[in-house]
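Worksheet for the structure shown next.
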Amino acid sequence: MTFTLRIPGYFGDGSLEEDDPECPAHRYTWGKLDKDSPWKRLTVAMVPAGGQACPDREAVNRRYPSWTSSEQLPERTQRVATPAGRGHQFTVGYLECTNECRSTSYTVIFVERGQGPFWLEAEELSRDELSAVTRSLRVS
């Protein structure tokens, strides 16, 4: 699958994250960290063909849950339209602990497609920014 999307200009280049052997997922992430603003992150992710989803995994210290079907999603999701397919939007709580712990949440938009589902993760993007990214999303 090839993804095309328009991201906010402040992100710059993204990077492919290393696969987690316990819960493999292809994850491409853009991030921005400023001392004067919160960490902003946008990720496009999918479970590789034949891979195992980890829907019950806690989101802690750069470890994230993953999904391969809408049946694995939390009970409360909101349906959203995307140019790439039917979407389900929900929020996931996230905890990061290094010297101090920081608790936050991020928005997930899970998109169902015949060629395999994928999802977007957005942390600290405004509603307008996330809507613009979602509207620009194309998959081929």
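The values are calculated or read from the model by the stated rules, or taken from the named source; none is laboratory data. What you are looking at is a predicted structure, and each value in this text was computed from that prediction instead of being measured. All Cβ positions, glycine included, derive from the backbone under ideal geometry; neighbour counts span all protein chains shown.
Take the residues in the range 93-111 that are surrounded by fewer than 16 Cβ atoms within 10 Å (Cβ to Cβ) and not polar (S, T, N, Q); name whichever of them is farthest from the chain's Cα centre (by Cα). Here the answer is Glu100.
Suppose the filter is β-branched (Val, Ile, Thr) and within 26 Å of Gly9 (Cα to Cα); does Val47 pass it? Considered against the rule, which asks whether it is β-branched (Val, Ile, Thr) and within 26 Å of Gly9 (Cα to Cα), Val47 comes out as no. Residue selection: Arg102 satisfies the criterion of being among the basic types (Lys, Arg) and within 26 Å of Asp20 (Cα to Cα). One residue stands out in the range 30-86 among those that are of a type in the set (Phe, Trp, Tyr) and part of a strand (DSSP E or B): the one that is farthest from the chain's Cα centre (by Cα), namely Trp39.
Taking residues in the range 1-12 that are closer than 13 Å to Arg41 by Cβ and among the β-branched types (Val, Ile, Thr), and partners anywhere that are modelled with pLDDT of 85 or more and in a helix (DSSP H, G or I), the pairs with Cβ atoms closer than 8 Å and at least 6 places apart or on different chains are Ile7/Val133. Within the range 31-54, being in contact with a Lys or Arg (Cβ under 7 Å, 6 or more places away or on another chain) and free of Cβ contacts under 8 Å to residues at least 24 places away in the same chain holds for Gly31, Lys32. So for the range 116-124 (the condition being over 14 Å from the mean Cα position of the chain (by Cα), more than 22 Å from Asp13 (Cβ to Cβ) and surrounded by 13 or more Cβ atoms within 10 Å (Cβ to Cβ)), does at least one residue qualify? Scanning the range 116-124 turns up at least one residue that is over 14 Å from the mean Cα position of the chain (by Cα), more than 22 Å from Asp13 (Cβ to Cβ) and surrounded by 13 or more Cβ atoms within 10 Å (Cβ to Cβ).
Scanning the range 60-79 for residues that are among the hydrophobic types (A, V, I, L, M, F, W, C) and surrounded by 15 or more Cβ atoms within 10 Å (Cβ to Cβ) turns up Trp67, Leu73. Taken over the range 52-91, the criterion of being among the aliphatic types (A, V, I, L, M) and over 24 Å from Arg135 (Cα atoms) is satisfied by Ala53, Ala59, Val60.
When Ala53 is tested against the conditions (1) of a type in the set (A, V, I, L, M); (2) modelled with pLDDT under 95; (3) surrounded by 18 or more Cβ atoms within 10 Å (Cβ to Cβ), the lone failure is (3).
Looking only at residues in the range 6-29 that are over 24 Å from Pro55 (Cβ atoms) and in a loop (DSSP other than H, G, I, E, B), the one that is modelled with the lowest pLDDT is Gly12.
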